[in-house]
Structure formats: structure tokens, C-alpha cells
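Here's the structure we're looking at; comments come further down.
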Amino acid sequence: MSASPALKASQDSPALYGLVLAGGHSTRMHHDKAALQYRGGSQLEHAMELLRPYVARSFVSVRRDQVDDPVRSRFAQIVDTREGLGPIAGILAAQTEHPEVAWLVLACDLPFLEAATLEHLVRSRRPERQATAYRSSYNGQPEPLCAIYEPSTRAAIASYVTSGRDCPRKFLRQADTELLDQPDPRALDNVNTPEEYGSALTSLQSVAGERPARRIEVQYYALLREQAGRSAESVTTTARTPRELYEELRERHPFSLAPEMLRVAVNAEFGDWSQPIGEGDAVVFIPPVAGG
């Protein structure tokens, strides 16, 4: 059985560990990006599985308050030691914990990333330089969240952060970075908003030819409760958003209210009709009726 690219490289260069950055707040998405599902499992699970053949060990980068989160707790973790720094905090924490290794750093919100792109990155690694990264297919700038950081960057990143800077892209611009062209120009497109999630999901499922079914818990209030003949139900659906779910339910129940007349909450938080919904989510539809 042949060795993986990572294990072959480790014979002549520092070992390569993997780090999936999953410590963000997902503010614009209104839903944990690591928990989003594109292929049946969580995006974090998919990213960790992608990394596995190319690294000796892999970890999830998390904030302190995410340690016990069920999406993240099943994996080995490295906890941020600095707050408010964004992705570079995860890189810094990983290098502090294991200073002798190189790190293949990967954002958790790259649904179009496939094994071929990671394999090309690892095989093109230049351990004598500080980092190996892809050029953005849009502006030619370094892509810092699918890149290899050699041990020689540890002191430089620590100094960079100490000086008040926290942009990993700008760090790579000033570092001795080997820049590569992306084999797949779309591979490193990230997803930050419900609209982008819906578009990415449609694109990926179009290629796969199917949508995964999810189990969603639904609650109704006021007029909707009367028209559905129940206050709650559990449904299996391929809907990706509350709007799609409501349109499916209108085929099952004689709902007379348009979505624009309702408020929607997902997992006890009011949200947007276009936000993503996933396996096990609780969705509530609320008419604007006093006492409903």
C-alpha cells in the first residue's frame, strides 16, 4: 500500500498536521456554518474527511465556548487562546501547541473543495519556503485558508499578531510564500450568507442529481394551528430553507397566509426565510395575530 503524499513528504521535511478552522460566529449565515449539510453529513465532518489522507494528525480549531458543541466535540480540538483575531487565532494556537510541525490549514466553509485540490497543494509543497498557498482565481491574492504553513512561520505569525495585525492573507503576501494556480477555479469559493448557501446547495445537488432529506420539527400558532389541525408535527423534507418548507407544507395543509404575512423562527431564534435549515432543526411559523 502506497503512502499518502503527507507521509511521503514527512521523510524529508517536517510532519504535516491538519487544522480545520471552525471557530467563527457565522454571523451573516444565521446558522453554524460547520453544521451545514451539503452531502448528508455536516460540512465540518466532510472537511475533516477530506484532510485525513494528507496529514499525520488532524484537529478542529474552536473557541473556548465551542468545546462541548456536538458538531465539534467528536474531533480532536485546538482551542483559541486569543479572542477577536479571527482565523489567525486558530493558526497561532495550533503552532503554539505543536511548534515542530507544518500545518495544512483549511476553512470549514468551502463546499466546492475536493480531494484533487488538496492533493495538488500537498504534492506542490515547498518546505524550504515559509508557506505554500493557492492564488485566488478572482484577484490573484494568496488564499490563506487552504494553505500549508511551515514551522518557520511560527515566530513570524506571533510577531505579526503582536504588532496588531490579524489578516492571514496579508501575512502570506509579505511572507516567503510559494503560490500555486488552482486546479479548480471554484474550489475555494466560500459560503457566508443564506443566499450563497442556497446557491451552493443547488449547484452541488444538481451535480449529484439529488437533494438529501432531513427530519424537521415544525410548530404552528394561531390560524396556522387551526388550518393544520395540530400544533406541531415532524416532517421529512428536502426543503433547504423555511420558505421552501412552508411551500411544501401548503400542499399538505390549507394554509391561506402568504409567507410575507408570517414570522419564522429556527431553533428558537427569529430568522430569515432564506436561511438554511438542517437535520433536527425546529421551525416555528407565527402569524401576526395577538394572542395566537
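Some observations on this one:
- Count of the stretch 144-177 residues which are buried (at least 19 other Cβ atoms within 10 Å of the Cβ) and of a type outside the set (A, V, I, L, M): 10
- Leading residue by the ranking (surrounded by the most Cβ atoms within 10 Å (Cβ to Cβ)) among those in the stretch 238-280 that are acidic (Asp, Glu) and in a loop (DSSP other than H, G, I, E, B): ASP272
- Per the listing ALA131, ALA76, ALA56, the residue uniquely aliphatic (A, V, I, L, M), modelled with pLDDT of 95 or more and surrounded by 22 or more Cβ atoms within 10 Å (Cβ to Cβ) is ALA131.
- With respect to being of a type outside the set (Phe, Trp, Tyr), surrounded by 15 or more Cβ atoms within 10 Å (Cβ to Cβ) and modelled with pLDDT under 85, GLN219 falls outside the description.
- Residue satisfying all of: in the stretch 247-275; out of contact with any Phe, Trp or Tyr (no Cβ under 7 Å at 6 or more places or on another chain) and among the basic types (Lys, Arg); nearest to LEU223 (Cα to Cα) among these: ARG250
- Residue check for GLU143: under 22 Å from ALA93 (Cβ atoms), in the same structural domain as ARG173 (by TED's automatic domain parsing) and charged (D, E, K, R): yes
- Filtering the stretch 247-269 to residues that are on the phi < 0 side of the Ramachandran plot and either of a type in the set (Gly, Ala, Ser) or within 22 Å of the chain's Cα centre (by Cα) (or both) leaves SER256, ALA258, ALA265, VAL266, GLU269.
- The residue that is surrounded by the fewest Cβ atoms within 10 Å (Cβ to Cβ), counting only those in the stretch 26-41 that are within 17 Å of GLU196 (Cα to Cα) and without any contact (Cβ under 8 Å) to a residue 60 or more places away in the chain, is THR27.
- Hits in the stretch 27-53 (condition: within 9 Å of the chain's Cα centre (by Cα) and assigned to a loop (DSSP other than H, G, I, E, B)): ASP32, LEU36
- VAL283 being touching a residue at least 60 places away in the same chain (Cβ under 8 Å), surrounded by 16 or more Cβ atoms within 10 Å (Cβ to Cβ) and assigned to a strand (DSSP E or B): yes
- Elements of type strands (runs of 3 or more DSSP E) contained in the stretch 54-171, each with 2 or more residues being in contact with an Asp or Glu (Cβ under 8 Å, 6 or more places away or on another chain) and under 30 Å from LEU201 (Cα atoms): 57-62, 131-135
The values are calculated or read from the model by the stated rules, or taken from the named source; none is laboratory data. Computed from a prediction, not measured in an experiment: that's the story for all the values here. Methodologically, a virtual Cβ is constructed for each residue, glycine included, from the backbone with ideal geometry; neighbour enumeration extends over all protein chains shown.
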